[in-house]
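The values are calculated or read from the model by the stated rules, or taken from the named source; none is laboratory data. Since the model is a prediction, treat every value here as computed from it, not as a measurement. In this analysis, Cβ positions are derived from the backbone assuming ideal geometry, glycine residues included, and neighbour counts consider all displayed protein chains. Note: areas computed on protein heavy atoms with side chains; ligands, DNA, RNA excluded. Shrake-Rupley method; radii C 1.70, N 1.55, O 1.52, S 1.80 Å.
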Amino acid sequence: MKLYYNDSINFVSKLSIKRLINMFKVLSSYYYSRYTKNATQWGMPFTISIEPTTNCNLGCPECPSGLKVFSRNTGNIEMDTYTKMMEQVHHNLLYLYFYFQGEPYMHPQFLELVRIAKEKKIYTVTSTNAHFLTERKAKETIESGLDRIIISIDGTTQEVYENYRRGGTLTKVIDGAKNLVRYKKELKSKTPHIIIQFLVVKPNEHQIEDIYKLAEDIGVDEVKLKTAQIYDYKEGNELIPSIEKYSRYKKNKEGLYALKNKLLNHCWKLWHSSVITWDGLVVPCCFDKDATHQLGDIKQGTFSEIWNNEKYMNFRKSVLKSRSEIDICTNCTEGTEVWVES
């Protein structure tokens with residue numbers, strides 16, 4: 001396992017006594033709940049994913065945002081909603097992920113959202129398809145103080161890349177990544193930690209070695225290979241990799257595909273993290289893409305009230321009882337490794 005000194009030091013610098021105490025409370029309540037099967041929460045989330053926008057410029061086949069098939073409302077988060085949320089959670093919040101659905105850079109004030117979190121000394125992360133990383137936007141990204149950026153490059157040739165990133169242009173993505181690397185050097189900045197993410201699917205699995213060569217040429221800090229969540233997988237799917245190591249699914253005795261890993265009746269995400277949609281809805285995790293399990297609305301109550309309300313506690317109880325009976329859990333790999341080493 002590689003160690004990334006600057007990124008690690010930067011992350012540790014965000015810790016405070018208050019945040020450490022809260023993390024201990026969360027961890028303790030999680031293991032207490034697993035042991036007793038009684039959902040208990042003593043702390044506040046130290047990881048939150050917030051959705052800047054549901055808009056996206058691409059049409060990826062396994063993404064509701066790209067396919068424009070949401071059953072919920074779509075739009076951009078309003079600054080008032082965001083600042084209200086931040087004032088309520090920043091004392092305990094360590095890690096803020098600016099992504100749920102959509103392309104974050106399509107929010108007109110995205111980097112202002114980052115700057116506000118940076119002022120609160122929170123470790124900030126985003127995931128992007130990099131089509132909007134012009135020279136100006138790349139420079140502004142460095143200046144915003146963003147701590148980590150994940151750039152999705154799922155192919156090293158245009159033909160393979162657009163097989164999944166439909167409507168995308170590989171050269172534009174590479175140029176955007178190079179712009180980030182360039183301005184990071186010019187501004188003598190240690191952030192953001194730049195990651196190329198390669199989502200392994202059958203059409204691109206032959207380019208795994210090539211993505212490392214491309215990343216070296218661009219000059220990014222890290223490459224991560226990620227396994228793909230497939231919605232329609234039981235009868236097989238053209239995206240499921242033939243290399244089992246990179247697949248979340250395997251064929252069973254009946255000839256159907258199923259998750260390789262068992263659904264255990266616990267979920268760390270339900271104790272340490274939360275997801276907030278662009279319009280302020282609080283949902284359990286990133287697998288609830290259509291916000292079907294709404295646990296509260298930060299426009300109508302405080303986050304603390306929602307985090308400890310009856311709906312949230314009942315959802316935790318249902319996970320401890322039987323995850324297999326919860327729709328968004330049936331295609332979930334929580335508790336397993338979805339990042340893989342080549």
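For this structure, a couple of remarks:
- Expressed to the nearest 5 percent, the antiparallel share of DSSP beta bridges inside the chain is 25 percent.
- R0 of 30 Å, Cβ-Cβ distance ASP80-ILE17: FRET efficiency to nearest 0.05: 0.45
- For region 174-322: relative contact order, % (alpha-carbon pairs under 8 angstrom, 6 or more apart): 15 percent
- Among PRO241, PRO203, PRO108, the residue with the largest mean-square fluctuation in a Gaussian network model of the chain, with springs joining Cα atoms closer than 10 Å, is PRO108.
- LYS299-LYS234 FRET efficiency (beta carbon distance; Förster radius 35 Å; 0.05 resolution): 0.35
- When each of the peptides 254-265, 159-170 is scored by the mean number of other C-beta atoms lying within 10 Å of its residues, the order from highest to lowest reads 159-170, 254-265.
- Charge dipole of region 145-259 about the Cα centre (unit charges at C-beta), most positive-ward option of LEU256, ILE243, THR227: THR227
- Residue among ILE208, ILE122, ILE151 with the largest mean-square fluctuation in a Gaussian network model of the chain, springs linking Cα atoms under 10 Å: ILE208
- Per-residue ellipticity at 222 nm computed for the chain from its helices equals -10000 deg cm²/dmol, with DSSP H segments shorter than 4 residues left out and the rest contributing -39,500 (n - 2.57).
- Sparsely packed loop sites in region 171-253 (the GluC sites (Glu not before Pro) outside DSSP H, G, I, E and B with at most 16 other Cβ atoms within 10 Å) comprise GLU235, GLU238.
- Förster-model FRET efficiency, 22 Å R0, THR169 and ASP290, C-beta, rounded to 0.05: 0.15
- Distances between placed amide hydrogens fall under 5 Å for GLY296 paired with VAL282, all partners being 5 or more residues away or on another chain.
- Mean separation of Cα contacts under 8 Å (6+ apart) over length of the chain, as relative contact order %: 19 percent
- When a 1.4 Å probe is rolled over the protein heavy atoms, the share of accessible surface on the chain that falls to carbon and sulfur comes to 51 percent.
- Cα gyration tensor, region 186-342 - rounded (a/c under 1.5), prolate or oblate: oblate
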